[in-house]
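The values are calculated or read from the model by the stated rules, or taken from the named source; none is laboratory data. Note that the structure is predicted; figures quoted are calculated from it, not measured. As a convention, Cβ positions derive from the backbone with ideal geometry for all residues, glycine included, and neighbour counts pool all protein chains shown. Each accessible area value is taken on the protein alone, full model and side chains, heavy atoms only, with ligands, DNA and RNA left out. Shrake-Rupley method; radii C 1.70, N 1.55, O 1.52, S 1.80 Å.
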Amino acid sequence: LLSVSHGSPRDLMRLSQHLVDRGIAVYRAGSWSLPAHLAAADLPTSVAQILRERVLALSNGARGLAGALALCPEYGFALDECLCLTGHEEHARLMQELSELAAADVMRMAGERYMLSDPSLVPMLLGELSGAQTSAAHLRLATVFERRGQHAQFRAAQHLLRGGQQARALDIFVAHAIASQEETDRNPEAFQ
């Protein structure tokens with residue numbers, strides 16, 4: 001088990017959950033037990049394999065939402081923002097997708113916000129998105145950042161650019177540059 005988890009407590013927990021999910025680790029009479037001998041086929045070759053299996057087992061909607069989160073892994077998103085990121089705008093369906101992502105340990109709560117549980121998921125999740133899905137997710141992210149107000153406009157423009165809306169992105173970049181210049185003119189210490 002240590003050769004797969006490399007001693008990482010988090011990865012050891014993932015490996016343990018994998019063994020439980022497969023029915024290899026069993027809880028009986030108040031204690032957990034493993035078979036006397038584990039075959040090589042019973043163990044994944046790596047924690048990455050466990051994570052990949054989890055990602056592939058997700059519904060299309062949950063995987064799409066996770067892909068949008070993977071485009072901004074350093075950010076957390078409020079419930080209404082997650083609804084916007086789904087593209088379907090169905091609250092009950094969103095709740096099912098969030099529950100699915102939490103159960104698969106793909107998403108976690110950070111205060112009142114939802115975010116990816118682990119940055120190592122980013123390449124896997126992005127690899128599951130087609131070019132069209134990636135562009136659509138960028139445009140939904142742009143909408144979320146536009147709604148966050150003036151301080152998030154630069155981020156919104158970046159996603160518009162990546163989503164294929166160059167003219168709109170450039171308008172925001174120019175407005176941001178003008179506002180930044182005006183702020184610096186008023187207060188030179190504001191320059192960053």
Check your understanding: Take the residues of region 1-23 that are buried (at least 16 other Cβ atoms within 10 Å of the Cβ) and more than 23 Å from the chain's Cα centre (by Cα): which is modelled with the lowest pLDDT?
Key -> VAL4
Check your understanding: Checking ARG52 against (1) under 20 Å from SER120 (Cα atoms); (2) modelled with pLDDT under 80; (3) open to solvent by 50 Å² or more (accessible area, probe 1.4 Å), which test does it fail?
Key -> (2)
**Study point:** Selected residue (criterion: nearest to the chain's Cα centre (by Cα)) from residues of region 140-155 that are crowded, with 18+ Cβ neighbours inside 10 Å and of a type in the set (A, V, I, L, M, F, W, C)
**Key:** LEU141
Practice item. Kindly provide the set of residues from region 128-155 that are polar (S, T, N, Q) and without any contact (Cβ under 8 Å) to a residue 60 or more places away in the chain, ordered by number. Key: SER130, SER135, THR143, GLN150, GLN153
Review point. Of all residues in region 156-184, how many are closer than 23 Å to TYR75 by Cα and open to solvent by less than 40 Å² (accessible area, probe 1.4 Å)?
Key: 7
Exercise for review: Quick one: count up the residues across region 97-136 that are of a type in the set (S, T, N, Q), over 25 Å from GLN17 (Cα atoms) and under 14 Å from the mean Cα position of the chain (by Cα).
Suggested key: 1
Check your understanding: Here are some conditions: (1) farther than 16 Å from CYS82 by Cβ; (2) open to solvent by 50 Å² or more (accessible area, probe 1.4 Å). ASP118 meets all but one. Which one does it not meet?
Key -> (2)
Review point. So which of GLY30, GLY67, GLY76 is farther than 17 Å from ASP11 by Cα and either modelled with pLDDT under 95 or in contact with a His (Cβ under 6 Å, 6 or more places away or on another chain) (or both)?
Key: GLY30
**Study point:** Residues (open to solvent by less than 50 Å² (accessible area, probe 1.4 Å), among the hydrophobic types (A, V, I, L, M, F, W, C) and in contact with a Gly (Cβ under 8 Å, 6 or more places away or on another chain)) located in region 121-138
**Key:** LEU125, LEU129, ALA136, ALA137
Revision key, fill the gap. Among the residues of region 134-147, the number that are within 21 Å of SER59 (Cα to Cα) and either modelled with pLDDT under 95 or touching a Pro at 6+ places or on another chain (Cβ under 7 Å) (or both) is 0
Review point. Which residues, counting only those in region 79-96, are within 24 Å of GLN17 (Cα to Cα) and in contact with a His (Cβ under 9 Å, 6 or more places away or on another chain)?
Key: none
